[in-house]
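One structure is given here, and the rest of the page talks about it.
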Amino acid sequence: MDELRMVRDLYVPPEPAPPQEVAAARARLDAVMRTRRSRPRWALRGAALGAAAAGVALAVAISVTSPRPQMTRPAGPSARTVLLDAALSADRQPVTKGKYWYVDSRIRWLQKVKAGGYLIRSTAQSETWRAAGSSSPASAVGTTHFLGARPATPADEVAWREAGSPRTFLTVEGKRVSGKAGSVTADMRGSDLDMSSFAAQADLDELREIPETPDRLRAWLLALPQSPAGPHPGPTTLPAPGRPSPSPPGPPTRAQLDYWLFVQGVSLLLYSPITPKVRAAAFQMLAELPGVKLIGTVRDPDGRQGTAVAMDRIGPGDRPLRIQRRLVVDTKTGRALADEEVVLGPNTDYPGLPFGVVASTTTVRSAGWTNKAGWTRDH
């Protein structure tokens, strides 16, 4: 971890200090330097932190004798410092083992009803198990239970009652949604599971190879076959007679690569059986992405408090897709709590939803190694 960079990020340029404080700061700096010379090698790390603090004091002194223009910097944490805090906490967690990697999550999403124009929130519960002794992702098993849909807010409930309190809903997308809990159950195995990210596809042998430093983790992800940084083949079909051949897609932009890395990092942190050191490296990698922004303190749908950081989704040519991807973390434990998408404007994924709403959320209620087999052939 780079504690010195964290100190610099949290430091706000001070007001000029009185002369007596300048003298005291210089005296403290002299004392630190004398102590540093007398300490053995094993104490150098603590001395370095002390010197960093003294450096802050020296900056106060210099501001008196060497005036400079005042620089405005935001008070409080940034997305970077929040993610580095989470990395430090994750790195302190113990390594755990078990027979199965188990993930219990809740998925919630909003849709707009065609008749009445109100919003409904659907909920599903997902559970997955993966045996520790099996490398293939095809060995993973899981189940998803649809828990029903209901009006999203009290105002939506009023509109629902005015529409006759229907038990099923026809959305603006033309889909019929049941309000009955448990009306749909899907049992999934292997490739039927979510394959939207590398973390869902990786086998345990691949996960054991993940580097434990942020720079190497970034390079490792970008070298994967699924990475947009890989080869970009030309068109697979011949053009129609008399028409020119379509141009092959160009290489991805830096912003597109950064967003892809953000998605992979979020997925690793939420769902994958990675070690505490890899978890810390994933948080550090996210902290270095320039497009990550701090949203602030939030509560997920399960009522847990966390801090949200986010990146805006982009399309070809860095075109804004008007959807924001958020990661909610508990910085005290280094645990990822939820993955959310927020509507920023008109888009095709969430038609008819008002701007600013959390359109979909996946909350991970439990993720870890266990010796209990929660899945059998009969369940």
Open item on the list: 5 Å is the cut-off here: which amide hydrogens, built 1.01 Å from N in the peptide plane, fall below it relative to Val141, excluding neighbours closer than 5 in sequence?
Closed with: Trp129, Gly190
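Set the bar at 24 Å for Cα to Cα. Now go through Lys99/Lys277; Lys97/Lys372; Lys175/Lys293 and name every pair that lies beyond it. It would help to have the intermediate numbers written out before the result.
On the way: Lys99/Lys277 21 Å; Lys97/Lys372 12 Å; Lys175/Lys293 34 Å.
Correct reply: Lys175/Lys293.
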Task: Footprinting exposure proxy for Arg108, Arg92 (fewest neighbouring C-beta atoms within 10 Å first) - done: Arg92, Arg108
TODO: Mind listing the long-range amide H neighbours of Ile295? Cut-off is under 5 Å, sequence gap 5 or more, other chains count too, H placed in the peptide plane at 1.01 Å from N.
DONE: Ala308, Val309, Ala310
- [ ] Within 10 Å of each residue's Cβ, count the other Cβ atoms and sort Thr144, Thr370 from fewest upward.
- [x] Thr370, Thr144
TODO: Search the structure for amide H atoms under 5 Å from the amide H of Val357, placed 1.01 Å from N in the peptide plane, and list their residues when 5 or more places away or on another chain.
DONE: Val343
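Using the Cα gyration tensor of segment 111-172, with a ≥ b ≥ c the square roots of its eigenvalues, what is the shape: rounded (a/c below 1.5), prolate (a/b larger than b/c) or oblate (neither)?
Numbers: a/c = 4.56, a/b = 3.87, b/c = 1.18.
Because a/c hits 1.5 or more and a/b exceeds b/c, segment 111-172 counts as prolate.
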Open item on the list: To make sure I understand, if each residue's beta carbon is the centre and we count other beta carbons within 10 Å, what order do Val357, Val329, Val158 fall in, fewest to most?
Closed with: Val158, Val357, Val329
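Values in this text are rule-based calculations from the coordinates and carry no lab data. As the structure is a computational prediction, the values presented were derived from the model and not from experiment. Cβ atoms come from the backbone with ideal geometry, glycine included; neighbour counts cover every protein chain shown.
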